[in-house]
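Single-structure report; data block below.
The values are calculated or read from the model by the stated rules, or taken from the named source; none is laboratory data. The structure presented is a predicted model; accordingly, all values stated were derived computationally and were not measured. Virtual Cβ from ideal backbone geometry, glycine too; neighbours counted across all protein chains shown.
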Amino acid sequence: MIEFYDVTVMFGGGPPALESVSLRVAAGEFAFVVGPTGAGKSTLLRLIYRDVLPTRGCVRVLGRDMAQMSPREVPHLRRHIGVVFQDASLLPRKTVWENVAFALQVIGASRATILREVPRALSVVGLSDKAYAYPETLSGGEQQRACIARAIVNHPSIVVADEPTGNLDPATSWDVMQVLRHVNAHGTTVVVATHDREVVDRMRKRVIVLDKGRVARDAEDSDYEGVAASSGVFLEGDLH
């Protein structure tokens, strides 16, 4: 599903954003990526949806070598990958329904498909009653759930989320993660970069620790404290 083979990413003349990273995320898996600020978490996610390319090594997603894809093939790949950011980035002048529908409109989906899939996606994230609300009227958690609905409306094989709970309180963060757990339970591969210790501890999923661009620890059914202690990596929040 997602495969990294000795991947290094360089930006300019500074230290590598990622260095000699090798890992595999299987179909249907849920994995957290944690580590200090600047460890390479966002870069790893960007490689998955081909926002950047490796300087060295190979990234394969859904059986395709990212470096061998032509630019015109990238939009087709991204139809199979939903992306959720810390900032929901909803279109402010469109309703929740219109925001989610837009993800289908840009790929040329039929009206029948849009009328079928938008309500389904909103139901999955628990926003059916907010379909015609505008983003400014939503809470932070509702905005993030709308973003998840937009990410899953096209039935992607993979969802990647970059700090999806970064701006949310603990209770709301947990609600958002339950939505992602539900998406994963239906077969979608989910990869989440996060600093949210409580969420990682409660979810007990695979945890990949990055430090200075390298994989310092990769543990199944783990928690934030356990991977921090075993890897010797200082993670945000360790002083609290």
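For the stretch 129-162, the set of residues classified as farther than 19 Å from Val199 by Cα, of a type outside the set (Val, Ile, Thr) and more than 17 Å from the chain's Cα centre (by Cα) consists of Asp129, Lys130, Ala131, Tyr132, Ala133, Tyr134, Pro135, Glu136, Leu138, Ser139, listed by residue number. On the basis of being touching a residue at least 24 places away in the same chain (Cβ under 8 Å) and aliphatic (A, V, I, L, M), does Ile107 make the cut? So Ile107 passes the test. For first residues located in the stretch 196-209 and within 18 Å of Arg24 (Cα to Cα) and touching a residue at least 60 places away in the same chain (Cβ under 8 Å), partners that are assigned to a loop (DSSP other than H, G, I, E, B) and of a type in the set (Ser, Thr, Tyr) and lie 6+ apart or on another chain with Cβ distances below 9 Å form the pairs Lys205/Ser222; Arg206/Ser222; Val207/Ser222.
Hey, any hits in the stretch 70-90 for a residue that's touching a Cys at 6+ places or on another chain (Cβ under 8 Å) and of a type in the set (Ser, Thr, Tyr)? Yes; the residues of the stretch 70-90 include at least one that is touching a Cys at 6+ places or on another chain (Cβ under 8 Å) and of a type in the set (Ser, Thr, Tyr). Any residue in the stretch 74-83 that is touching a Pro at 6+ places or on another chain (Cβ under 7 Å) and surrounded by 16 or more Cβ atoms within 10 Å (Cβ to Cβ)? For the stretch 74-83, residues touching a Pro at 6+ places or on another chain (Cβ under 7 Å) and surrounded by 16 or more Cβ atoms within 10 Å (Cβ to Cβ): present. The criterion of at least 3 residues that are within 19 Å of the chain's Cα centre (by Cα), of a type in the set (A, V, I, L, M) and at pLDDT 95 or above is met by the following strands (runs of 3 or more DSSP E) wholly inside the stretch 170-240: 189-193, 206-211. Ile148 meets the conditions (1) closer than 18 Å to Pro36 by Cβ; (2) in contact with a strand residue (DSSP E or B) (Cβ under 6 Å, 6 or more places away or on another chain); (3) not in a strand (DSSP E or B) in every case but one. The failed one is (1).
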